[in-house]
Amino acid sequence: MSSPRSDRSPWNWLLIVPIVLPLLTPLYNFDSPRLWGFPAFYWLQFAFILVGVATTSIVYQMTRRPREAVKSEAATDE
C-alpha cells in the first residue's frame, strides 16, 4: 500500500492572492485612468481574472507530481 498523498505545499498559499486582491476596493475605486474607453473598475476586473489564471497555473505546475511517480505508484497498486 502506498503512502497517502499530501496536498500540503507552500505553493498553495499563492492561491490567496486572486481571492484577496479583488477585495481591496481602494485599488479600483476610481474612474480614471481609462483604457480603450473603459473605466479603471472594468479593466482592473479583467486584470484580476488574468492574475487568477496565472496564479492557478503556477500553483498547478509547481505542485503536480512527475509522470514517472504517477506511473510507478499505479504499478505498485496493481
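No value in this document is a laboratory result; all are computed from the given coordinates. Values in this document were obtained by computation on a predicted structure and should not be read as measured data. Because the Cβ atoms are built from the backbone with ideal geometry, glycine has one as well, and the counts that use them run over all protein chains shown.
Some observations on this one:
- The residue 53 and residue 25 beta-carbon pair, evaluated with R₀ = 30 Å, returns a calculated FRET efficiency of approximately 0.90.
- ³J(HN,Hα) computed for each position of region 16-27 - Karplus, 6.51 cos²θ - 1.76 cosθ + 1.60, integer Hz, glycine/proline x: 6, 4, x, 8, 7, 4, x, 7, 8, 4, x, 5
- Take each peptide in 53-59, 36-42, count the other Cβ atoms within 10 Å of every residue, and average; sorted highest first, the result is 53-59, 36-42.
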